[in-house]
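For reference, the structure is listed below as structure tokens.
The values are calculated or read from the model by the stated rules, or taken from the named source; none is laboratory data. Since the model is a prediction, treat every value here as computed from it, not as a measurement. Please note: Cβ atoms are built from the backbone with ideal geometry, for glycine as well, and neighbour counts cover all protein chains shown.
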């Protein structure tokens, strides 16, 4: 079974965990630690930036599926040639900090170009969390119609200080989880929930209808590789429990 087929199997079983190094993370040492955490925890995939040196480094480190994220279709084509198993148009959340935003039509046009350039590659597209929910649903339906394989939801970037404790963690994930609920009711494509997903909120994402979770800052912001592995393992355990629960319901 190919690497991407392994990921798709985890997706079908609603237990996929993608560990996100970051679309703007070019720190090779940090990326190495994140990849090690993903590999040693049994995560379903790793998501990295489109930097050629980073892609080659990661490809030589692990056999788990590699997602490469960018907003440039040409960069994504190059990533496939260098060994990416899947490509992702996004993650936009990291770019909001730079004042960059995307309309539904811009995302759709980028997705169409990416699909044209990489017709046989597994493609994920992030739905901008800042769009109104009706726009998100319409965009998701358009993406489904052109053959995109996976939708990723997100929340929104905010400079406001979050609340303390669990309340702050839930507040951070609230929008992306609500977007997951709305989209899961309106499209057939599998959904990956990202932004603010961690060991506290991961089960909420699956309960909302996600087939996968994308987890970044709860891992890539940690100081030690041991801590990264511990958190990644906890996330994988949560996903495995969701898969078992789903099977029991059937």
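List of remarks:
- Taken over region 163-191, the residue count meeting the criterion of being at pLDDT below 85 and closer than 20 Å to residue 95 by Cα is 1.
- Taking each residue of region 1-21 that is without any contact (Cβ under 8 Å) to a residue 60 or more places away in the chain and looking for partners that are surrounded by 24 or more Cβ atoms within 10 Å (Cβ to Cβ) and not in a strand (DSSP E or B) with beta-carbon atoms closer than 7 Å, six or more apart or interchain, yields 6/65.
- Residue ID - farthest from the chain's Cα centre (by Cα), chosen from residues in region 124-162 that are part of a loop (DSSP other than H, G, I, E, B), modelled with pLDDT of 95 or more and within 17 Å of residue 210 (Cα to Cα): 148
- Matching residues, region 184-221, being at negative phi, assigned to a loop (DSSP other than H, G, I, E, B) and without any contact (Cβ under 8 Å) to a residue 60 or more places away in the chain: 185, 186, 187, 188, 189, 197, 198, 199, 200, 201, 208, 221
- Odd one out for residue 120, checked against (1) surrounded by 14 or more Cβ atoms within 10 Å (Cβ to Cβ); (2) modelled with pLDDT of 95 or more; (3) farther than 17 Å from residue 191 by Cα: (1)
- Inside region 85-123, residues that are in contact (Cβ under 8 Å) with a residue 60 or more places away in the chain, more than 22 Å from residue 210 (Cβ to Cβ) and touching a helix residue (DSSP H, G or I) at 6+ places or on another chain (Cβ under 9 Å) make up a count of 0.
- One residue from 87, 54 being modelled with pLDDT of 95 or more and within 19 Å of residue 190 (Cβ to Cβ): 87
- Residue check for residue 201: modelled with pLDDT of 90 or more, within 15 Å of residue 214 (Cβ to Cβ) and more than 14 Å from the chain's Cα centre (by Cα): yes
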